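To start, the structure under review is shown below, and the notes come after it.
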Amino acid sequence: MSSEFLFEAGFEEIPADFLPHIREQLRSEFERRLQEHRLPCASVEVCYTLRRLVVRLAGLASQQGDREEVVLGPPRKAALDSAGQPTKAAQGFARSKGVDFAQCRVIHTEKGEYFGFARTIRGESAAAMLPAICTATLQSLSFPKSMRWGEGNVTYVRPVRWILALLDGAPLSVEFAGVVSGGATRIDRFAAQADAPVTGWDDYLARLRSCGICVDPAERRRMIEDELRHQATSAGGVLREDPQLLDTVSDLVESPLVVGGRFAEEFLELPPEILMTSMREHQKHFAVVDHGGGILPHFLAVAESPGTRTAELADNVRRGNERVLRARLDDARFFWHEDARHTLEERAAGLDHVLFQQDLGTYRHKTERLLTIIPKLAAWLPEVDLESALAAARLCKADLTTDMVKEFPSLQGIVGGLYARREGHAEKVWRAIYDHYLPVSLDDRLPATDEGGLITIADRLDTISGCLGLGLVPSGSRDPLGLRRLGLGAVRISSERKWHLPLRDAFSIALDAHSVRFGRTREEIVEDFGEFVDARLRFLFEPYGYDLVNAVIAGASKDVYDVRLRLDALKQVIGSQDFLSIAVAFKRIKNIIREQPRCQVSRELYRLEEEREMDTSFQRVREEALPLIAQGEYAGALQRIATLRPVVDRFFDKVLVMDPDRVVRSNRIGLLQQMAALLLSVADFAEIAVEERSK
């Protein structure tokens, strides 16, 4: 017989960004504890709002299954005498356990034979175990920040106000943080005793929905998004997509009310980036745009709807948001005009007073390093307009001294680009400044120009080299300076712009640009960067398969785009049985030549037809493959290498490489060393999981 359990813990408002993580903790902790208590459950469903955490256990076993328990007593030798009769030790053991001696027997274990008995342990009911499971689960949750309230000693994410616990409609007694559960939820946040009795999951959802409360975060998000789109259409435009803001506001309300408002058209003089950032970051407002993407003088706000919804309520919310937004936009317009009193060139002089990092100096020092690094990196990138890149680099950090960036830090770079455009700088210059912090996240867009991409990579290598030099290496989940994100962005740019830019050499250039004396050797710093960039490559190219990525990284790849070309080639030929056989043979070759000295090859020393055939075929394939490898046409090279399969198979079938004759053995090893060198010039085939790919 299965049961349904409904558990709800009510709180003061929990910060929205805590909630998704709390949800995952709740699910995993309930699942783990149910398993530990041997209490099967078909599904664990977790929902939440900012005021309540909700768990529904569906298909829950009403009772544990019975289990057999073996109770061991004294060893057989101590329990039975020579005649097989019970000793005092055996009789005392039976009495102490409350069983008749006749129920005991000799039990065989891994440690020997013991005197004991088996008994059936009746399973406990779910009703008896669930209160302890709920309390332990709540106690186990962790939060970025906690608080203490009242006179209690409990520290938790927010004060607990009520608990609901129902098993098949019957209340269970659960106590946590001084609150004892009951059979009611709480609806009205402003009425301390506004309890609403419920009888189960369906009744619970109906009660909440009748008051506009939605506990399912995915459903709540859909409701808000649908209403946002509807109101944007009513305003004569379309909703400007902002999935991250939608996630945030969906967790800020439990009874969402979407209202539309207007702002004065005079504010449209502001660039859309500034206008929308002010709306988004200060007010969490959504923008409405026309079908061409131009911003309209409308906004959409998502508010909490206490009590009964009325037109008057919506109108009050609208007017309040319009009043506050106007003040915010007035501030943004003031910064826009006030910042124009000084050019970026003039502002760049103020970077002496903006600290980049305590040991690495100010942003003026960083700018000077960029001007040293960029020309050297540009030597690999003939498509880059170096003059424009240097002009942008001189000004790219100047907006850090503006009032606009002080108010909206997320606009750094963007504001500099907008101001550079206003001052009349060339498009390549202002666009490079505008983009040079991109990408901000994994899925973010990349700089639109070569010059912007170059400045971004130089800027990130400067930061990474300085931090690694200081020993600030990311470890585990700790990466307070975001070096992993910076590194991933650099490899993405190199890959997607198809740049043959050797990042390890570029890192050395960036490292040399620092004047600070690091407390680590150069070799240690460079080794850390090698591991760091390899980890970013594994992450970026994960869709190719871990084994192919490892094979290319361990091979002779020169740069990020070259890694991508080799992976594309491997992906193209990996399904070929001939190629997989060559990969298997390479593993054998690698094992044979490991730790062998370099050996010369002489055709006069061949004794068998199979080794002559091997040499002839290999030399032909090498002559065809090497030019293709030099041109980056790796797929063609691999296809030619795969044609060696028949002769390689015959070679290993008929030829004993480790011949007793030292001269013959060295000659055959030399041939295998030449083959290995050719294969390694593309990838280390020994890293390919042939068994998995053959299935």
Only sites in a loop by DSSP and with at most 15 other Cβ atoms within 10 Å count here; which chymotrypsin sites (Phe, Trp or Tyr not before Pro) in the stretch 52-153 make the cut?
149
Can you pull the accessible area of residue 633 for me, 1.4 Å probe, Å² to the nearest 10?
90 Å²
Find, to one decimal place in angstroms, the Kirkwood hydrodynamic radius of the stretch 137-204, where the mean of 1/r is taken over every pair of different Cα atoms and then inverted.
13.4 Å
Looking at this model, which pairs from 145/366; 397/558; 498/590; 571/654; 498/558 are more than 23 angstrom apart at the alpha-carbon?
145/366; 397/558; 498/590; 571/654
Kirkwood Rh over alpha-carbon pairs of the stretch 335-418 plugged into Stokes-Einstein at 20 °C, 1.002 mPa s gives a D in µm²/s of 157 µm²/s
Using only the alpha-carbon atoms of the stretch 104-251, report the extent along each of the three principal axes, biggest first, to the nearest angstrom.
86, 38, 34
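The stretch 384-435: percent of C-alpha pairs farther apart than 12 Å? Walk me through the numbers before you get to the answer.
Values: 744 of 1326 pairs.
Tail fraction, whole percent: 56.
Can you list, largest first and rounded to whole Å, the semi-axes you get for the chain by taking the square root of 5 times each eigenvalue of its Cα gyration tensor?
Working from the Cα gyration tensor, I get semi-axes of 55, 52, 23 Å.
To the nearest 20 Debye, how big is the dipole of the stretch 71-211 about its Cα centre, given +1 on the beta carbon of each Lys and Arg and -1 on that of each Asp and Glu?
420 debye
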Shape box of the stretch 433-472 [Cα atoms, principal axes, largest first, Å]:
33, 21, 12
With equal scatterers on the alpha carbons only and no solvent term, can you work out the Debye log10 of I(q)/I(0) for the stretch 493-617 at 0.11, 0.23 1/Å?
-0.61, -1.33
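Return the ratio Rg/(2.2 N^0.38 Å) for the stretch 200-341, where Rg is computed over Cα atoms only. Each step should come with its number before you reach the end.
Numbers: Rg = 16.5 Å, N = 142, 2.2 N^0.38 = 14.5 Å.
So the Cα radius of gyration is 1.14 times the expected 2.2 N^0.38 Å.
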Considering amide H positions built from the backbone, and no H for Pro or chain starts, which residues 5 or more places from residue 80, or on another chain, come under 5 Å of its amide H?
87
When the Karplus curve 6.51 cos²θ - 1.76 cosθ + 1.60 is applied with θ = phi - 60°, which whole-Hz ³J(HN,Hα) does each residue of the stretch 616-625 get, with x for Gly and Pro?
4, 5, 5, 4, 5, 5, 5, 4, 7, 7
Of 153, 132, 228, which is farthest towards the positive pole of the stretch 107-266's charge dipole, taken about the Cα centre with +1 and -1 on the beta-carbons of Lys, Arg and Asp, Glu respectively?
153
Evaluate the relative contact order of the stretch 508-628 (contact order divided by residue number), counting alpha-carbon pairs under 8 angstrom at least 6 apart; express in whole percent.
11 percent
The ³J(HN,Hα) series, computed from each phi in the stretch 548-555 with the Karplus coefficients 6.51, -1.76 and 1.60 at θ = phi - 60°, rounded to the nearest Hz and given as x for glycine or proline, is 5, 4, 4, 4, 6, 4, 6, x
Orientation-averaged projected area, Cα convex hull of the stretch 36-145 (nm²):
11.3 nm²
Could you order 347, 622 so the one with the most accessible surface comes first? Probe is 1.4 Å.
622, 347
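In the stretch 286-391, what is the volume of the convex hull around the alpha carbon atoms, normalised per residue and reported in Å³?
In the stretch 286-391, the Cα convex hull volume per residue is 236 Å³.
Ranked highest first by average number of other Cβ atoms within 10 Å, how do 275-287, 200-212 line up?
Working: 275-287: 21.0, 200-212: 16.0.
By packing density, highest mean first, the sequence is 275-287, 200-212.
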If you scale each eigenvalue of the Cα gyration tensor by 5 and take the root, what three semi-axes come out for the stretch 605-686, rounded to whole angstrom and sorted largest first?
25, 12, 11
For the chain, which whole-number percentage of the solvent-accessible area (1.4 Å probe, protein heavy atoms only) is attributable to carbon and sulfur atoms?
49 percent
Using helices alone, what [θ] at 222 nm do you get for the chain, with -39,500 (n - 2.57) per DSSP H run of 4 or more residues, divided over all residues and rounded to the nearest 500?
-15500 deg cm²/dmol
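So what's the net charge close to residue 65: Lys and Arg +1, Asp and Glu -1, counting the other residues with Cβ under 11 Å from its Cβ? Display every interim value, and only then the final one.
Working: positive: 38, 67, 122; negative: 66, 68, 124.
That works out to 0.
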Overall Cα dimensions of the stretch 430-535 - principal axes, largest extent first, Å
38, 29, 23
Each residue of the stretch 319-328 in order: what ³J(HN,Hα) in whole Hz does its phi give by Karplus 6.51 cos²θ - 1.76 cosθ + 1.60, θ = phi - 60°, with x for Gly and Pro?
4, x, 5, 5, 5, 5, 4, 4, 5, 5
Please state, rounded to one decimal and in Å, the Kirkwood hydrodynamic radius that the stretch 1-58 gives when every pair of distinct Cα atoms enters the mean of 1/r.
12.1 Å
So what is the accessible area of the chain per residue, in Å², with the probe set to 1.4 Å?
48 Å²
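Work through the residues other than residue 124 whose Cβ is under 12 Å from its Cβ and net out their charges, Lys, Arg +1 and Asp, Glu -1.
Taking every other residue near residue 124 into account, the sum is +2.
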Which net charge results for the neighbourhood of residue 621, defined as the other residues with beta-carbon distances under 13 angstrom from its beta-carbon, given Lys and Arg at +1 and Asp and Glu at -1?
-1
With every atom except the alpha carbons ignored, what do you get for Rg and Dmax of the stretch 541-695, in angstroms?
15.5, 48
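Give the ranking of 582, 593 by solvent-accessible surface, highest area first, calculated with a 1.4 Å probe. Don't skip to the answer; put the middle values down first.
On the way: 582 10, 593 30 Å².
So, going from the largest accessible area down, we get 593, 582.
The values are calculated or read from the model by the stated rules, or taken from the named source; none is laboratory data. Note that this is a predicted model, so its numbers are computed, not measured. Here Cβ is always computed from backbone atoms with ideal geometry, including for glycine, and neighbour counts include all displayed protein chains. Only protein heavy atoms, including side chains, enter the accessible area calculation; ligands, DNA and RNA are left aside. Shrake-Rupley method; radii C 1.70, N 1.55, O 1.52, S 1.80 Å.
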